[in-house]
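S.K.: Below you will find the structure I want to go over with you.
The values are calculated or read from the model by the stated rules, or taken from the named source; none is laboratory data. Predicted model, so just to flag it, every value in this text is computed and none were measured. FYI the Cβ positions are ideal-geometry reconstructions off the backbone, even for glycines, and counts take in every protein chain you see. Protein only, heavy atoms only, side chains kept; ligands, DNA and RNA dropped before computing areas. Shrake-Rupley method; radii C 1.70, N 1.55, O 1.52, S 1.80 Å.
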Amino acid sequence: LWHTHTKLLEPRILPEAAILTPDGRRGGTEQPQAAITPVGDSLLLVVSLVGPTDYETYRLELVSNDSHKRLWSSEPLRATISNSFNVEIPSRALPPGTYQLIAYGLRGNAQEQVSTYTIGIRRSTAP
């Protein structure tokens, strides 16, 4: 138990971040989904908000594209100076497939979908 506690207090090197931009059209062409192959124990996603950023708080939600099942939802989050959020997800929590990360802007009891980010998770073919 002590070893586990000590290990949790040690600094960790996070994997290279996958910087996500919202789904949609840019310059007249459809933007492809982010294709990510996790390396290591976790996956670091940088969710960049584009569009209205004047909400009191935001909420992020991770949804399976196939089943439309909500896999995770954040607590309300205050906007950052960079208008982005860093999300660390254990690699084993996302089997290969397609997912959507949805950002909602919150004002009082109302929420509005701000952006959707489509993510394709692949597994490394290297041994």
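S.K.: Mind checking which residues of the stretch 101-119 are open to solvent by 10 Å² or more (accessible area, probe 1.4 Å) and either over 16 Å from residue 50 (Cα atoms) or not in a strand (DSSP E or B) (or both)?
M.R.: Those that are open to solvent by 10 Å² or more (accessible area, probe 1.4 Å) and either over 16 Å from residue 50 (Cα atoms) or not in a strand (DSSP E or B) (or both): 107, 108, 109, 110, 111.
S.K.: For residues in the stretch 78-100 being in a strand (DSSP E or B) and within 24 Å of residue 13 (Cα to Cα), which is most open to solvent (accessible area, probe 1.4 Å)?
M.R.: That would be 86.
S.K.: What number of residues within the stretch 70-126 satisfy the criterion of being among the β-branched types (Val, Ile, Thr), over 13 Å from the mean Cα position of the chain (by Cα) and more than 14 Å from residue 22 (Cα to Cα)?
M.R.: Of the residues in that region, 3 qualify.
S.K.: While we're looking at this one, here's another question. Out of the stretch 75-111, which residues are under 22 Å from residue 34 (Cβ atoms) and of a type in the set (D, E, K, R)?
M.R.: Hits for the stretch 75-111 are 88, 92.
S.K.: Now for a separate question. In the stretch 7-35, what residues are at pLDDT below 80, under 21 Å from residue 83 (Cβ atoms) and open to solvent by 100 Å² or more (accessible area, probe 1.4 Å)?
M.R.: Within the stretch 7-35, 25, 26 qualify.
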